[in-house]
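Contents: one structure, followed by commentary.
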Amino acid sequence: MSNGTFNSKSEYLKQRLESFEFESVVYPYGTVKSVGDGVARVEGLSGRLYGELLEFEGGVFGMALDLHENGVGAVLFDSADSVSVGHKVKGTGRVAEIPVGNALLGRVIDPIGRALDGEPLEVDEYLPAERPAPTIIERRPVNTPLETGILAIDSMVPVGRGQRELIIGDRQTGKTSIALDAIFNQKNTDVICVYCAIGQKASNIAHVINTLKKNKAMDYTVVVASTASDSPATQYLAPYCACSVAEGFMNKGKDVLVVYDDLSKHAVAYRAMSLLLHRPPGREAYPGDVFYLHSRLLERSACLSEELGGGSITALPIIETMGGNISAYIPTNVISITDGQIYLESELFHSGIRPAVNTGLSVSRVGRSAQHNAMKKVSGTLRIELSQYREMAVFTRFGSDVDESTAKLLRKGECLTELLKQGRGEPMSLFDQTAILYAYKLDVFENVPVKKVKETAKQLLSELYSKCASCVAEVNNTGDLSDAVESQIKELMCNFKESLK
Amino acid sequence: MVMKMRKAVIKIAHNMSDETYNMLCNGITEKFGSDIEFEKITDNSVIGGFILSLDGVIYDNSIRTQLKRLKKHIAN
């Protein structure tokens, strides 16, 4: 170290020491009156904010949720072992906050803002976990597609940037897989992803993080994790924190995709917390404000106006149903809040149709305006054809005698079902999707046995890639299927169809 | 009539002399009123000074807290 810097450092220290003044630190405190089941009742400490962080003796933190004239009820974030009756509680004057910013990319944090991946986290920007949603005037209509890379979704239930699309289905129907595939597909786009695990098994979360790492998706992803063994308060806070992390990026004009996995566990954690705080139970013992719990969270997803930077938050909340019952309390609540749902069915899943999207019950209320022109051109009648096929398939299950037109309908339907099947982690580009649907439209696979349709489609794609690379680039870059490209592809496909005979 | 006493808890380190402690108590009664009952807790992590808790408010004048403040002050 040179003498100069030493001098300036000692000067600095001297100056800092001189400017320091001894000051008495005065703050209100309360005393723990009772503690149990992760809830502490504190006497004194009046004048707290709703949701203020309280510091208990021993470094345990809690959140004030029940405010009375001369006491507060607080939920604890850590285990309650070290808190006992008579302990002093200090108000921090801050509501629950979460670090935000680019430093979080690739990191795993808990809802309190602590890094869970064992590395130090250096951030200087914080946002409160609970924030008001953007106002009406701050928003603009959703009109940019957010490609999930899944053919069945991008063609029939398209998701736009700023939309809230619910993924709903029984356990083991591939809900998380769809969300993860959507995250993987954002690899070479400017979209940032936030994955929020709520009350999940730690092994599951570890598996998700490993999958994200393996697909090199962690570089643009933040994971906010609360496990099943965390306190209900931590689980309750998790999605709000994830949303604040996303808002941090959105306010900088970025497009963000948030996955809440899953909100049924969030509702259960909130129910546990509410019952322990002696709030009156309502239907299925959920408290009265369980609707508001999710509506205020999902309202924070938005597509901001150009004046505010034009960022967006797209939310993919996940709900797990029991026995396919989508008319239960929490599912209906969330369905009515979101702009559409992707309904996954275990029956389809087990019959090998994966992703197991039930196209009849899945909708996207933003719809066609969130689709590329190329996709719009080829996916027009897909939904109707598929539902006609499903109806007819049930009808003809018992008899084999069908007329020619019905047979054709059935064969086309089978072929489409086969084309919509897609493996995990195999996202399709816009060109792939457009080409396959266009080929289906031209009936290229007319004479191909159903089992070989997928294989033939692959051959067709590789032929298109080799013979018409300029078309591939044009469709992927412009998102449009121009007449010139269309006629070129059409010719190639007709030749391909001839060669199959 | 028995007057209801307010309770004040003073946390100090071991090295505070009884003389200083009494002076401290007198000072507190002067400032906050004479109806105060004192309880002394010794805790060496205070290092020096005292922490008074009275009427739901903590008045922290300990060396421990001041050192923490100093650390923050220098770091900024």
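All of the numbers you see were taken from the coordinates with simple rules; none came from a lab. Worth saying up front: this structure is predicted, and the values here are computed from it rather than measured. Neighbour counts are summed over all protein chains in view; Cβ atoms, including those assigned to glycine, are modelled from backbone coordinates with ideal geometry.
Observations on the model:
- Neighbour-count order for B:23, A:250, fewest beta carbons within 10 angstrom listed first: B:23, A:250
- Overall, the anisotropy analysis places the range A:98-371 in the rounded class: the square-rooted eigenvalues a ≥ b ≥ c of its C-alpha gyration tensor yield a/c less than 1.5.
- Between the beta carbons of residue A:402 and residue A:347, assuming R0 = 41 Å, the FRET efficiency works out to 0.95 to the nearest 0.05.
- Relative contact order [Cα under 8 Å, 6+ residues apart], the range B:6-75, whole percent: 40 percent
- Secondary-structure-derived ellipticity at 222 nm for chain A, considering helices only, amounts to -12000 deg cm²/dmol, per-run term -39500 (n - 2.57) for DSSP H runs with n ≥ 4.
- Near residue A:29: Cβ cut-off under 9 Å, other residues only, Lys/Arg at +1 and Asp/Glu at -1. The net charge is +2.
- Between helix A:483-500 and chain A: long-axis angle, C-alpha atoms, 0 to 90°, nearest 10: 60 degrees
- Span from the the range B:34-57 Cα centroid across to the the range A:367-426 one, whole angstrom: 78 Å
- Sequence of A:26, A:142, A:194 once ranked by neighbouring C-beta atoms within 10 Å, starting from the fewest: A:26, A:142, A:194
- Within straight-line cross-link reach of residue A:497, lysines at Cα separation under 22 Å, skipping those fewer than 8 residues along the same chain: A:377, A:408, A:412, A:421, A:441, A:451, A:452, A:454, A:458, A:467
- Each Lys and Arg Cβ is given +1 and each Asp and Glu Cβ -1; about its Cα centre, chain A then shows a dipole of about 800 debye.
- Among beta bridges that DSSP assigns inside the range A:98-371, antiparallel share in %, nearest 5: 25 percent
- Cα centroid of the range A:71-124 to Cα centroid of the range A:179-254, whole Å: 18 Å
- Scanning residues 5 or more positions from residue A:117 or on other chains, those with amide H under 5 Å from its amide H are A:108, with H placed 1.01 Å from N in the peptide plane.
- Prolate/oblate/rounded label for the protein assembly as shown (Cα gyration tensor, a/c 1.5): prolate
- Principal-axis tilt of helix A:430-441 within chain A, Cα atoms, nearest 10 degrees: 30 degrees
- Acute angle (nearest 10 degrees) that the helix B:18-32 long axis makes with the longest principal axis of chain B, alpha-carbon atoms: 70 degrees
- Taking each of B:7/B:68; A:252/A:376; B:11/B:72; A:88/B:40 in turn, the alpha-carbon distance tops 20 angstrom for B:7/B:68; A:252/A:376; B:11/B:72.
- Chain A, relative contact order [Cα under 8 Å, separation at least 6], %: 15 percent
- Positive-end residue, chain A charge dipole about Cα centroid, Cβ charges, pick of A:100, A:85, A:15: A:100
- CD proxy at 222 nm, helix term only [per DSSP H run n ≥ 4: -39500 (n - 2.57); per residue of chain B; nearest 500]: -12000 deg cm²/dmol
- By definition, a body whose alpha carbon gyration tensor gives a ≥ b ≥ c is oblate when a/c is 1.5 or more and a/b is not larger than b/c, and the range A:274-357 fits this oblate description.
- Cysteine residues of chain A whose Cβ has no partner cysteine Cβ closer than 4.7 Å: A:193, A:196, A:241, A:243, A:303, A:415, A:494.
- Checking every one of the chymotrypsin sites (Phe, Trp or Tyr not before Pro) in the range A:35-126 against DSSP loop status and a limit of 16 other Cβ atoms within 10 Å picks out A:50.
- Geometric extent, Cα atoms of the range A:377-500 - Rg, Dmax (angstrom): 15.4, 48
- Altogether, the Stokes-Einstein calculation at 25 °C and 0.890 mPa s, with the Kirkwood radius of the range A:17-128 over Cα pairs as Rh, returns a diffusion coefficient of 158 µm²/s.
- Hz values of 3J(HN,Hα) by residue in the range A:235-250 - Karplus curve (6.51, -1.76, 1.60), Gly and Pro given as x: 5, 4, 6, 3, x, 5, 5, 4, 5, 5, 4, 5, 5, x, 6, 4
- Taken about its Cα centre, the range A:192-292 carries a charge dipole of roughly 180 debye when the Cβ of each Lys and Arg holds +1 and the Cβ of each Asp and Glu holds -1.
- The range A:377-500 - charge dipole about Cα centre, Lys and Arg +1 at Cβ, Asp and Glu -1, debye rounded to 20: 420 debye
- Our coupling estimate for the range A:259-274, obtained by passing each phi through the Karplus curve with A = 6.51, B = -1.76, C = 1.60 and θ = phi - 60°, is 10, 9, 10, 10, 7, 5, 5, 5, 5, 5, 5, 5, 4, 4, 5, 5 Hz, Gly and Pro reported as x.
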